[in-house]
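Step one of this worksheet: look at the structure below.
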Amino acid sequence: MSPKTNIITYTGNGWDRIDVYLTQNNEYTRNFFHRLVARGDILVNDVVVKKKSLWLKTWDVITIVHPER
């Protein structure tokens, strides 16, 4: 079974950190997204996110690879 992948296009004004934005727009906690960043499971514009405090830019494409349960 392949992992579930979500793709989100950020249309905000560029004043959002990725962890805060994802928490506000999903049912998961910031800690959950921090763990995904640490595992390399979040990409922005096809580049692995290395910092949980990454500032988003308008039209960034966020890819989230959800871990298998």
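The values are calculated or read from the model by the stated rules, or taken from the named source; none is laboratory data. Bear in mind the structure is a predicted one, so any value in this text is a computation, not a measurement. Positions of Cβ are generated from backbone atoms using ideal geometry, with glycine treated the same way; all protein chains shown enter the neighbour counts. Accessible surface is based on the protein model in full, side chains and every heavy atom, while ligands, DNA and RNA are left aside. Shrake-Rupley method; radii C 1.70, N 1.55, O 1.52, S 1.80 Å.
Annotations
- Point-charge dipole on Cβ atoms (K/R +1, D/E -1) for the chain, about Cα centre, debye to 20: 240 debye
- In the complete set of protein chains, residue-level accessible area for residue 4 is approximately 130 Å², probe 1.4 angstrom.
- Karplus-based coupling profile of segment 53-61, in residue order and whole Hz: 9, 4, 8, 7, 10, 3, 6, 4, 9, with θ = phi - 60° in 6.51 cos²θ - 1.76 cosθ + 1.60 and x standing for Gly or Pro.
- Length released on extending from residue 47 to residue 17, taking residue separation times 0.36 nm less the Cα-Cα span: 9.2 nm
- Structure-derived Cα Rg over 2.2 N^0.38 Å - corresponding label in [x] 0.95; [y] 1.02; [z] 1.17: [y]
- Cα long-axis angle, helix 30-39 against the chain (0 to 90 degrees, to the nearest 10): 70 degrees
- Amide H contacts under 5 Å for residue 16, placed H, 5+ residues apart: 56
- Leading residue at positive end of dipole, the chain (Cβ point charges), from 44, 29, 3: 29
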